[in-house]
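Each value in this text was obtained by applying a stated rule to the coordinates, not by laboratory testing. Every value quoted in this text rests on a predicted model; they were computed, and no experiment measured them. A quick note on method: Cβ atoms are made from the backbone with ideal geometry, for glycine too, and the neighbour counts reach across all protein chains shown.
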Amino acid sequence: MVIASAPGKIILLGEHAVVFGQPAVALAIDLRLRCRVAPSKAHTLNGAPLSERSHPYIFSALQQAWKGAGLSVETSSMLPSGSGMGSSAAVTVAFLATLAQASGQELQQRTLANQAFEVESQVQGRASPIDTSASTHGEGIFVSGRGGEELLWHIQRDTREWFIHHCDVPRLSIVVGFTGINAPTGPLVAKVKRYTDHTTFARDIIEEIGQVTMEGMKCLKANDLSGLGALMTRDHKLLAILGVSHPRLDKLVQASLPYSYGAKLTGAGGGGSMIALTDHPEMVAEAIKRKGGVPFLVKTGVPGVRIDEP
Ligand code: MEV
């Protein structure tokens, strides 16, 4: 029997634009997914026979990384699925870690991050490695189109490439507000691709998000929370122009702003979750609840994938 766990994530700045090679910043959060595997006659997930349709991430990971006999897989998660907090990436990364351990391989973050991105791309279609790399490395990551200081690994797909860096992040107080709407990432990423294929305006917005992220990196380094918050709110407006917000996300962002440095949707949007950077987490949580959202007071600076029981 092997148990591994991996964290969920929030994207502080740069979602969607990162798919096009623009920079982005993601932080692992203290909501983890745990995965336990044990030998079994046939492959099962949480007691049910494994099927590609119902369990695409586990199915694809098995195809890619397991040559052995049947496995009983059990998962338990603090992350609501489709919430924009990276539950698909966390299940993929944690499961691949159990497979590596069960095969007697050394757990290498770089290998896991590459495999997990492969699985996510296969299941989801177009994607960037931000979710899978954040869940693998933990802490904070900065993704960009060229390598720099604190480079962790490099991932390539067709003509696009991403350089994943460790990113030191000051202690931030962040509240996540889940809309309760389960929004799959693939169709939203495809929608943005169609928009950018047809208009230079959308391509300009993608570039502007990249610039906002670079300014945000300067604020992070200077611990300038007011500057960072203002950039997050601007990023939300740009994402809304791209068509990936949702009236409920806008409502939760508006409700949080009076008590926050800034707020924005996080992840793919279309539902899912928003985040607020604040010194008043309880007040923001109340405001989110009043508007029908589900608040999570999350901690950042948490470890990435790990084997909990070898
Ligand atoms: C989803 O968490 C982040 C997106 O940028 C998609 C991706 O990067 O694969 C929307």
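With contacts taken as Cα pairs under 8 Å and at least 6 residues apart, segment 174-298 reaches a relative contact order of 40 percent.
Across segment 13-30, computed HN-Hα scalar couplings (Karplus, 6.51 cos²θ - 1.76 cosθ + 1.60, θ = phi - 60°) run 7, x, 4, 6, 4, 5, 5, 9, x, 6, x, 7, 10, 10, 10, 6, 10, 7 Hz from first to last residue, x flagging Gly and Pro. For segment 174-298, the alpha carbon convex hull comes to 91 Å³ per residue, rounded to a whole number.
Sketch the reach of a paramagnetic label on MET1 as a point 7 Å from Cα along Cα-to-Cβ, and name the residues of segment 294-310 whose backbone nitrogen lies under 17 Å away. Backbone N within reach: 307-310.
Using unit Cβ charges (K, R positive; D, E negative) and no other charged atoms, how large, in debye to the nearest 20, is the dipole of segment 168-283 about its Cα centre?
Values: 12 positive and 11 negative charges, 61 e Å.
Using only the charged Cβ atoms, the result is roughly 300 debye.
For ARG194 and GLN254, the FRET efficiency from 1/(1 + (r/R0)^6), where r spans their Cβ atoms and R0 equals 35 Å, is about 0.80. Our coupling estimate for segment 134-148, obtained by passing each phi through the Karplus curve with A = 6.51, B = -1.76, C = 1.60 and θ = phi - 60°, is 5, 5, 6, 7, x, 6, x, 10, 10, 9, 8, x, 9, x, x Hz, Gly and Pro reported as x. Projection of the Cα convex hull of segment 2-168, averaged over all directions and equal to a quarter of that hull's surface, yields 9.1 nm². Sort out the exposed loop GluC sites (Glu not before Pro) in the chain (DSSP loop, at most 10 other Cβ within 10 Å) and tell me the longest stretch that has none. Longest run free of exposed loop sites: 150-310.
Largest mean-square fluctuation among GLN22, GLN156, GLN109, in a Gaussian network model of the chain whose springs join Cα atoms under 10 Å apart, belongs to GLN156.
Here is the P(r) of the chain: all C-alpha pair distances, binned every 20 Å from 0, give 36, 57, 7 in whole percents. Taking the longest Cα principal axis of the chain as reference, the axis of helix 109-124 is set at about 80 degrees. What you get for the chain, charging only the Cβ of Lys and Arg (+1) and of Asp and Glu (-1), is a dipole of about 660 debye around the Cα centre. Of the trypsin sites (Lys or Arg not before Pro) found in segment 1-107, those in coil by DSSP whose Cβ has at most 11 other Cβ atoms within 10 Å are LYS41, ARG53, LYS67. Against the main long axis of the alpha-carbon atoms of the chain, helix 247-256 sits at an angle near 70°.
Here the Karplus curve 6.51 cos²θ - 1.76 cosθ + 1.60, taken at θ = phi - 60°, turns the phi angles of segment 302-307 into couplings of 9, x, x, 4, 7, 8 Hz, with x standing for Gly and Pro. Proximity of backbone amide H atoms, modeled 1.01 Å from N, is registered between SER173 and THR278 at under 5 Å, excluding neighbours fewer than 5 places apart on the same chain. Between GLY210, GLY186, GLY86, the Gaussian network model of the chain with springs among Cα atoms under 10 angstrom shows the greatest mean-square fluctuation at GLY186. In the chain, helices alone account for a calculated mean residue ellipticity at 222 nm of -13000 deg cm²/dmol, with every DSSP H run of four or more residues adding -39,500 (n - 2.57).
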